[in-house]
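Values in this text are rule-based calculations from the coordinates and carry no lab data. Everything quoted here is computed from the prediction, not taken from an experiment. We place every Cβ from the backbone using ideal geometry, glycine too, and count neighbours over all the protein chains shown.
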Amino acid sequence: MTLRRKARELALQLLYQWEVRGEPPEKVEEAFWPDAKAAEQTREFAHRLFTGAVAAAPELDALVQRHATNWRLERMSAIDRNILRLATFELKFATAPPRVVLNEAVELAKKFSDDAAPAFVNGVLDAVSKNEKRKTKKESREEGGGEAD
């Protein structure tokens, strides 16, 4: 398993605990890290993903909600919701290429959720990814940095 994949798994576990416990992120990490086995580099990346996703959660949730056709956020399983939060954070803040982010999220869904989750997660994230790509192109054109399609 790559360091980044392990970091994503750890960040997902942190996000899940944060949501379920309702505690501040610092408290969640304080309780989580003593038992977690990971290299320092992996911990650092997991921490960045976790704290970034928590800080941007309202924005990420709104984005997911907009693209999760016929699904309300609160009706999704907690694990699927947090996979989507994590991956949407990565898509929005470009921590990795979109194809990698989608693939990693699907792998998380296969490992931690039910049989229907990988297709659901892929569909929502594909829509989010396309939206972010269009938004980036539009902003680039408005700044004079690119041609219109």
Row for the range 3-142, column shape: gyration tensor on C-alpha, a ≥ b ≥ c, rounded if a/c < 1.5 i.e. under 1.5, prolate if a/b over b/c, else oblate; value prolate
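Roughly how many debye, to the nearest 20, is the charge dipole of the range 3-142 about its Cα centre, given +1 on each Lys and Arg Cβ, -1 on each Asp and Glu Cβ, and no other charges?
Numbers: 25 positive and 22 negative charges, 136 e Å.
Roughly 660 debye, rounded to the nearest 20.
Taking the Cβ of Glu107 as the center, what net charge do the other residues with Cβ under 12 Å away carry, scoring Lys and Arg +1 and Asp and Glu -1? Let's see the in-between values first.
Working: positive: Arg4, Arg5, Lys6, Arg8, Lys110, Lys111; negative: Glu9, Glu104.
With Lys, Arg at +1 and Asp, Glu at -1, the net is +4.
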How high is the relative contact order of the chain? Use alpha-carbon pairs under 8 Å, at least six apart in sequence, and give a whole percent. 21
If the label point sits 7 Å along Cα→Cβ of Asn122, residues of the range 96-113 with amide N under 18 Å come out as 98-113
What's the lysine pair count for the chain at a Cα cut-off below 27 Å, pairs eight or more apart or interchain? 23
